[in-house]
Amino acid sequence: MASQFEQLHFLLIPLFSQSHIIPLTDFAKLLARQGPIVSIITTPLNAKRYKKSLSDYALRANLKIQLLPIPFPGQECGLPEGCENMDSLPSPGLARPFFDACTLLQEPIQNVAQKLEPKPSCIISSGAFTWTQNLAQNLGIPRYIFHTGSCFTLSCFDMLSKSKVHESVASDLDTFYLPDMPHKIECTRSQLPDFMTKNSLELKAIVDHMKEVDSLARGTLVNSFEELEPWYVAQHKKANKNFWCIGPVALANEEMEDKFRRGNETSIDKQKFCLKWLDSKEPGSVIYACFGSMCHLSCMQLAEIGLGLESSGRPFIWIIRESDYSPDVDRWLKDNKFEERVKGLVIRGWAPQVLILSHPSVGGFLTHCGWNSIMEGICSGVPMITWPMFSEQFFNEMVVVNISSSGVKIGVSTAMKFAEELNELVKREKIKAAIDQLMDDGEEGQEMRKRARKLGEMATKSIEDGGSSHMNITLLIRDVMQQND
Ligand code: UDP
């Protein structure tokens with residue numbers, strides 16, 4: 001079958017953020033394994049971050065994947081030098097100029113794409129890059145949207161925008177049920193993403209434009225798997241025949257080296273700190289706490305997290321983002337002799353998340369509910385403590401707690417604004433209580449762990465030959481082939 005697909009050339013254009021580049025790069029690996037050539041559009045600084053690990057992978061697996069860096073016109077739009085990824089935006093106010101700079105890439109990418117051999121057969125891009133629809137039209141090829149969230153979230157967007165039930169409650173904290181769904185799930189307006197609640201004409205225009213452009217795409221790919229959320233998948237398939245779950249894409253990384261070098265370079269030594277330390281712990285005993293690549297936590301909140309992890313009495317790995325690692329945080333850790341007295345490991349900066357999660361010593365994942373992290377937690381078969389912060393992360397919490405019953409809530413009620421600090425301090429007692437509940441040895445805890453393990457097995461099967469996601473990738477490739485006949 002592979003030979004039939006070898007002349008196809010997929011052009012992938014991820015939004016320049018970790019939560020898009022990482023899954024689309026993983027997806028490139030899954031795609032290329034079935035035969036096609038894959039080129040990933042990026043910028044010079046992003047290429048630096050991902051090039052070595054991707055080229056090593058491609059060489060080892062004998063796959064045709066390449067990165068195509070295009071100079072980023074950030075400074076033309078008022079961005080500081082060196083800012084080519086959303087994780088390096090100095091302030092949330094610069095998100096707009098960042099997207100403006102991305103839009104300016106349409107023409108240079110078109111020029112590059114026209115010279116590619118073989119000619120690109122399709123574009124797969126992030127939904128936020130609406131200009132890639134025009135690009136595809138100019139190149140005379142179909143475009144597919146790569147959705148980095150769940151099918152459940154897509155259903156929530158659809159059903160809330162139709163029913164507007166969230167507009168009928170009196171206050172932001174009044175609860176309502178998500179409409180027309182088989183799961184009875186409570187929600188409040190304060191948990192919804194900004195674009196659903198803010199009364200802003202500018203935001204409304206952006207959302208309307210995205211919807212209009214979405215309808216022109218040839219199909220939609222979702223980093224999920226059918227067995228996780230079957231009812232929601234079926235709803236979307238009914239509405240759109242080219243709707244395919246193709247994940248969990250993180251499972252493209254089977255070798256330890258690929259799990260270790262994913263996203264940024266990490267400061268830790270794989271053998272010494274990570275594996276030796278994990279190897280020395282009991283199976284299923286370690287709590288892994290990480291809050292993604294975008295959330296900002298104050299020094300006060302970080303201190304509560306540290307003390308909560310410590311008071312759980314369990315071994316832990318705690319990641320503090322580089323940009324949150326302020327002099328105050330450094331002082332707090334040192335003054336309290338935190339690292340000397342606790343059973344845990346503190347990692348500053350970037351952690352090899354997929355490698356850590358896949359270690360048998362890890363027994364629980366305290367997560368901010370970014371969808372990639374949720375999928376990676378599911379793949380590793382560990383139950384999760386959900387601490388959603390912004391965007392669609394409260395919907396992701398519902399997938400874990402209400403739909404798959406494989407985690408517990410930490411219990412936050414309000415979303416923060418994009419890339420701003422949390423306004424609701426979660427105290428150490430709450431963190432300890434959630435860890436105790438998750439790691440509980442009673443019947444409930446054991447049942448939850450069993451469900452999480454089962455889900456991990458189903459995720460793995462979906463990517464294997466003959467699995468649902470593997471077959472969906474084949475269907476996508478066939479569709480592209482037909483469109484290029
Ligand atoms: N990630 C990682 N190491 C870190 C922080 C994040 O490998 O120290 C990866 C994580 O595995 C995931 C991605 O970065 O693939 C974060 O995406 P997610 O959707 O979970 O959250 P976001 O960063 O968008 O908030």
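Quick check, is Glu282 acidic (Asp, Glu) and assigned by TED's automatic domain parsing to the domain that holds Ser326? Spelling it out, Glu282 is indeed acidic (Asp, Glu) and assigned by TED's automatic domain parsing to the domain that holds Ser326. Which residue is nearest to Thr367 (Cα to Cα), if the candidates are limited to the stretch 302-330 and must be away from the ligand (no atom under 16 Å from the Cβ) and of a type in the set (S, T, N, Q)? For the stretch 302-330, the residue satisfying everything is Ser312. Here Leu357 qualifies as open to solvent by less than 10 Å² (accessible area, probe 1.4 Å) and either aliphatic (A, V, I, L, M) or more than 13 Å from the ligand (Cβ to nearest atom) (or both). Of all residues in the stretch 82-106, those satisfying the criterion of being away from the ligand (no atom under 16 Å from the Cβ), part of a loop (DSSP other than H, G, I, E, B) and at pLDDT below 95 are Gly82, Pro90, Ser91.
Restricting attention to the stretch 133-149, does a residue exist that is touching a Phe, Trp or Tyr at 6+ places or on another chain (Cβ under 8 Å), aromatic (Phe, Trp, Tyr), assigned to a helix (DSSP H, G or I) and at pLDDT 95 or above?
So far as the stretch 133-149 goes, no, none of its residues is touching a Phe, Trp or Tyr at 6+ places or on another chain (Cβ under 8 Å), aromatic (Phe, Trp, Tyr), assigned to a helix (DSSP H, G or I) and at pLDDT 95 or above.
Per the conditions (1) open to solvent by 20 Å² or more (accessible area, probe 1.4 Å); (2) within 16 Å of the ligand (Cβ to nearest atom), the sole criterion not satisfied by Phe72 is (2). Do we find a residue being surrounded by fewer than 21 Cβ atoms within 10 Å (Cβ to Cβ) and without any contact (Cβ under 8 Å) to a residue 12 or more places away in the chain anywhere in the stretch 116-130? Looking for residues that are surrounded by fewer than 21 Cβ atoms within 10 Å (Cβ to Cβ) and without any contact (Cβ under 8 Å) to a residue 12 or more places away in the chain, one finds at least one in the stretch 116-130, hence yes.
Condition check ((1) within 25 Å of Arg189 (Cβ to Cβ); (2) in contact with a His (Cβ under 7 Å, 6 or more places away or on another chain); (3) without any contact (Cβ under 8 Å) to a residue 40 or more places away in the chain) across all residues:
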site	(1), (2), (3)
Phe390	yes, no, no
Ala415	yes, no, no
Arg428	no, no, no
Asp441	no, no, yes
Lys450	no, no, yes
Gly456	no, no, no
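Of all the listed residues (Arg449, Arg453, Arg478, Arg428), the sole one being within 15 Å of Val382 (Cα to Cα), modelled with pLDDT of 95 or more and open to solvent by 70 Å² or more (accessible area, probe 1.4 Å) is Arg453. Looking only at residues in the stretch 333-354 that are farther than 16 Å from Ile431 by Cβ and away from the ligand (no atom under 16 Å from the Cβ), which one is most open to solvent (accessible area, probe 1.4 Å)? Among residues in the stretch 333-354 that are farther than 16 Å from Ile431 by Cβ and away from the ligand (no atom under 16 Å from the Cβ), the one most open to solvent (accessible area, probe 1.4 Å) is Glu340.
The values are calculated or read from the model by the stated rules, or taken from the named source; none is laboratory data. In this text the structure is predicted, and so the values were computed from the model without any measurement. Cβ sites come from the backbone with ideal geometry, for glycine too, and all protein chains shown count toward neighbours. Quick note on the areas: whole protein, heavy atoms, side chains included, nothing else; ligands and nucleic acids left out. Shrake-Rupley method; radii C 1.70, N 1.55, O 1.52, S 1.80 Å.
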